[in-house]
1. Local charge sum around Ala59 (other residues, Cβ-Cβ under 10 Å, Lys/Arg +1, Asp/Glu -1)?
2. When the Kirkwood hydrodynamic radius is evaluated over all pairs of different C-alpha atoms of the range 190-269, what value in angstrom, to one decimal, is obtained?
3. So for Glu96, Glu380, fewest C-beta neighbours within 10 Å to most, what's the order?
4. Tell me, what HN-Hα J-couplings in whole Hz come from the Karplus equation 6.51 cos²θ - 1.76 cosθ + 1.60 at θ = phi - 60° for each residue of the range 63-80, using x for Gly and Pro?
5. In whole Å, how far is the Cα centre of the range 121-169 from that of the range 185-219?
6. Based only on Cα atoms, what Rg/Rh ratio does the range 266-404 have, Rh being taken as Kirkwood's radius?
7. For Ile41 paired with Asn168, estimate the spin-label separation in nm (one decimal), with each label point 7 Å from Cα along the Cα-to-Cβ line.
8. Pull up the cross-link candidates among the lysines for Lys23, meaning alpha carbon to alpha carbon under 22 Å and not fewer than 8 places away within one chain.
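Derivation of every value follows stated rules applied to the coordinates shown; laboratory data play no part. Every value quoted in this text rests on a predicted model; they were computed, and no experiment measured them. Virtual Cβ from ideal backbone geometry, glycine too; neighbours counted across all protein chains shown.
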Amino acid sequence: MFKINENYLKLPGSYLFSTIGRKVEAYMEAHPDQSVIRLGIGDVTQPLAPAIIDALHLAVDEMAEAETFHGYAPDLGYEFLRRAMAEGDYQARGCEITADEVFISDGAKCDSGNIQEIFGTDNKIAVCDPVYPVYVDTNVMAGRAGTYDPAADTWSDVIYMPCTAKNNFVPELPKETPDLLYLCFPNNPTGSAITKAQLQEWVDYANKVGAVIIYDAAYEAYISEPGIPHTIYECEGARTCAIELRSFSKNAGFTGVRLGATIIPKDLKCGEITLHTLWARRHGTKYNGAPYIVQKAGEAVYSQAGKAQLAEQIAYYMKNARTIYQGLKDAGYQVSGGMNAPYIWLKTPGQMTSWEFFDFLLEHAQIVGTPGSGFGPSGEGYFRLTAFGSYENTVAAMERIRQI
Ligand SMILES: Cc1ncc(COP(=O)(O)O)c(C=O)c1O
């Protein structure tokens, strides 16, 4: 008789966004005349930029001719995109990353979930709390998280690094030594950023204790302040301890197009074994490459026109972020984030829990946000709003909040 992977049974409840979806649906059914503004899920709303659309059209036309048709893509990615990323994201910033250290994929969610496969199941992971849930859940599935404590909403074998107002939402080095450290900056959900000096401390720490940092840079494009690193490879020594995840979802609106990359420097080793070799083996075996058409669209992100158009798109979302930040401040809320990230993180008023505030906001202002507790125990008492809506809806939402 077959057996299932029982680790899946340890996963608690339903996914955060399904619960939100159900609640919103029930509210709308009961109040069909109300217009609900959704500032909850982190999905973009602006259409793809013209430079990307042009690249897609050209690539589609190439697929119509035998001479320019493309079948299976190289499983590690087309050289043109790996080179564009190595040059545009790294070498242009003085970071020593080469095209063959870039592995193209269909997005950072899969990569952030799959990367744990190349590590032993007895590795101890450390995560920020609150955290993007994929890091924890995929380690649960792999049997690396221990047992779940529903009262505390924690896993026995996971090291939690609280990110609260006290530490400006940047974690302190953990007391217990981890093997794998997940860091994401600019951060989802708190919208906080890390300075280069702070990140350098993490790199030094990881090199000292022999840990690997899995650095999720999905929101890099939203950095607006100086002194905030755009990649972990700006830090000295990162080549021997860090893997970086990149996504085209939030910088170029590819949430429905799907493209991402994982960077693994060849200096990152366990004894004589490079993680680069393991990931290449894994990718080659389990993945057949992101579509040619999509990789051509990704290349356009690095063109002059693409860069200019995407900068405008980011500016549009960041105007929303400022509107939300200021609107909440004016309404008397304690707010953070929104400066280098499209997320605004607010303290719920009084003693309200995150879910109580979710219901309150839906009921009284018809606004959907995300309860902070859905991202981990230290998210309790916080709430996330996103800047990915339309400007008009964002302004309307702040007006509604002002009036409650
Ligand atoms: C921190 C973080 N990493 C990764 C992702 C997923 O990115 P992608 O769309 O490339 O799979 C998200 C999406 O919201 C995210 O917030």
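1. Details: positive: Lys296; negative: Asp54, Asp61, Glu62, Glu299.
In short, -3.
2. Working: mean 1/r = 0.0751 Å⁻¹.
After inverting the pairwise mean of 1/r, the radius is 13.3 Å.
3. Numbers: Glu96 13, Glu380 17.
Ranking Glu96, Glu380 by Cβ neighbours within 10 Å, fewest first, gives Glu96, Glu380.
4. Taking θ as phi minus 60°, the curve returns 5, 8, 10, 4, 5, 10, 5, 10, x, 3, 7, x, 5, 8, x, 5, 4, 4 Hz for the range 63-80.
5. Each part reduced to its Cα centre gives a spacing of 16 Å.
6. Numbers: Rg = 20.9 Å, Rh = 18.1 Å.
My calculation of the ratio gives 1.15.
7. Here the answer is 3.4 nm between the modelled labels.
8. Those lysines meeting the cut-off are Lys347.
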